[in-house]
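The values are calculated or read from the model by the stated rules, or taken from the named source; none is laboratory data. Note that the structure is predicted; figures quoted are calculated from it, not measured. Please note: Cβ atoms are built from the backbone with ideal geometry, for glycine as well, and neighbour counts cover all protein chains shown. Accessible surface is based on the protein model in full, side chains and every heavy atom, while ligands, DNA and RNA are left aside. Shrake-Rupley method; radii C 1.70, N 1.55, O 1.52, S 1.80 Å.
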Amino acid sequence: IVKDSKDILIKDYEVEFKNVVYKYPNSKLNSINNISFKLQSGQTLGITGPIGCGKTTLLRLLMKIIEPEAGDIFIGGIPISQIPTTILKNIFSYVPQDGFLFSETIKENILFAQKNNVNEALYYAEMAGLKNDISAFQNGLDTLLGERGVNLSGGQKQRVAIARALAAKTNFLILDDCTSAVDSETEQKILQNINSATNKQTCVIISHRLASIQKADKIIYMENGEIKESGDHKTLLALNKKYSNLWEKQKIEANIKKKIL
């Protein structure tokens, strides 16, 4: 339960979009057009679709970074317009594709939002698939990172950012294509760890890899700012439309890659 001086009380974290529309300044077309969906508290939402279809814009609307021109967004039944930014900042952990790392140790980066829980740093590092990487570093978790994590690979930087988001223990975990530099096998292990340990945490995962979101409670396939298909993985495959076609294409590509390797 979250409460502030204005007596805004959030009892659960169900998300609802109702006919939401958004257009960026100087744009002729809506980036988000008449989007409606509901996600129950503790569920996982997977979002996919081609580049520029509005996936990240939808997340920015959910976190109130931008506000809709029309329609309504609710968290726990409360219009997001009525929820102070101070509350929203404390309930979201957001991991973008290119997350920012500080010129501190890996441990300090992971525990940025939880300074006192030093003993948990390794736990969250392992949750984010960093166990073998940490062992390979001379100073382990105490390895000092260069500016923006320059001494880490792209995949390692993404995993440190994921570990930091998990350590923050917020109500929402938002992953915006943040495993793009991680191999698919490691990615699956990370997602399995997240699914087994989120404990009522509501998750939103954007990914171009459908294997990354196939276990989500709800999946939406977007094009041109609109939801074209919606349902769980099994339902979307049964529709035999764009999601299903993309799934088959990615399966073939994965099998070819395995044979080459």
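Some observations on this one:
- Filter result for Ser81 (closer than 30 Å to Glu16 by Cβ and open to solvent by 30 Å² or more (accessible area, probe 1.4 Å)): yes
- The residues of the stretch 141-158 that are of a type outside the set (A, V, I, L, M, F, W, C), more than 20 Å from the chain's Cα centre (by Cα) and buried (at least 16 other Cβ atoms within 10 Å of the Cβ), listed by number, are Thr143, Gly149.
- Subset of the stretch 229-261 [more than 20 Å from the chain's Cα centre (by Cα), closer than 30 Å to Thr170 by Cβ and open to solvent by 40 Å² or more (accessible area, probe 1.4 Å)]: Lys234, Thr235
- One residue stands out in the stretch 52-66 among those that are without any contact (Cβ under 8 Å) to a residue 40 or more places away in the chain and assigned to a loop (DSSP other than H, G, I, E, B): the one that is least open to solvent (accessible area, probe 1.4 Å), namely Lys64.
- Scanning the stretch 12-31 for residues that are part of a loop (DSSP other than H, G, I, E, B) and over 20 Å from the mean Cα position of the chain (by Cα) yields Lys23, Tyr24, Pro25, Asn26, Ser27, Lys28, Leu29, Asn30.
- Some residue of the stretch 128-140 being β-branched (Val, Ile, Thr), under 21 Å from the mean Cα position of the chain (by Cα) and crowded, with 18+ Cβ neighbours inside 10 Å: no
- Against the test of being at positive phi and at pLDDT 95 or above, the options Gly42, Gly76, Gly71 yield a single qualifying residue, Gly71.
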